[in-house]
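Worksheet for the structure shown next.
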Amino acid sequence: MYKIDIFSNIIQKKFLIFFMGLFIFDRLIKYLLLRYFEQFNIKAIDVTSFFEIILVWNRGFSYGLFPQESYLGQIFICIFSLLICLWITKFIFSSKIKFKMVSLTLILAGALSNIIDRLLYSGVADFFHFYLNEYSWYVFNIADIYIVTGLMLLLLVFTCPNINFKLFNK
């Protein structure tokens, strides 16, 4: 007989809402910035002396590694990324550690949003650029922030397994 774990279903619903909030926020910011750049036909918005909002299309993996200019190359990246997302989803729903679930949900939301970009535009729209004099950091988007934050939290989970994350145990 099939047993339904009500507590587990409640947790999964909370993480689905968390995921949707992250995903929708990233998609909304990308939509608004893409529209703004297109409508006003501008190259960059100087925000401070070390930060600008600029539209850069990333056709490769993280930070533009292994660029794929062809549509077939973008499809390959999408399929590879979707397989990783399915693998991450499996771990989210099988994990008993809420902190690990949060970190994996961040990674999943960012990865799926970037996959949507690849399918719609044959590349990922990146906007945020920090620089100082001649030193320049990679251009990134909010989905990238989710992915990096999720990876750092996941690293913390595995390197410090005995830490009591009270905030996430409620």
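Just so it is clear, none of the values below were taken in a lab; they were calculated from the coordinates. Since this is a predicted model, take the numbers as computed values, not measurements. Every residue, glycine among them, receives a Cβ derived from its backbone with ideal geometry; neighbour counts consider all protein chains shown.
Assuming R0 = 35 Å, can you tell me the calculated FRET efficiency for the pair Asn133 and Leu28, based on Cβ-Cβ distance, to the nearest 0.05? Plugging the Cβ-Cβ distance into 1/(1 + (r/R0)^6) gives 0.60. Ordering 21-32, 78-89 by mean Cβ neighbour count within 10 Å, with the highest value first, yields 21-32, 78-89.
Extending 7 Å from Cα along the Cβ direction at Thr48 and again at Leu155 yields two label points whose distance is 2.3 nm. How much FRET efficiency would the formula 1/(1 + (r/R0)^6) give for Lys98 and Asn41, where r is the Cβ-Cβ distance and R0 is 45 Å, rounded to 0.05? Calculated transfer efficiency: 0.45. With R₀ set to 22 Å, the beta-carbon distance separating Leu86 from Ile10 gives a calculated FRET efficiency near 0.40. Coupling constants for segment 114-129 follow from the phi torsions by the Karplus curve (6.51 cos²θ - 1.76 cosθ + 1.60, θ = phi - 60°), and in residue order they are 5, 5, 4, 4, 4, 5, 7, 10, 6, x, 9, 7, 10, 10, 9, 10 Hz; glycine and proline get x. Applied to segment 103-111, the Karplus parametrisation 6.51 cos²θ - 1.76 cosθ + 1.60 on θ = phi - 60° returns per-residue 3J(HN,Hα) values of 5, 5, 5, 4, 4, 4, 4, x, 5 Hz, with x for Gly and Pro. Projected onto their three principal axes, the Cα atoms of segment 90-138 cover extents of 46, 28, 9 Å, largest first.
Quickly rank 141-151, 90-100, 43-53 as a protection proxy: mean count of other C-beta atoms within 10 Å, highest first. Please report the intermediate quantities before stating the final value.
Numbers: 141-151: 20.5, 90-100: 14.5, 43-53: 12.2.
Averaged packing, sorted descending, gives the order 141-151, 90-100, 43-53.
The phi-based Karplus calculation (6.51 cos²θ - 1.76 cosθ + 1.60; θ = phi - 60°) puts the 3J(HN,Hα) values of segment 21-32 at x, 4, 4, 5, 4, 4, 4, 5, 4, 4, 4, 5 Hz, whole numbers, x for Gly and Pro.
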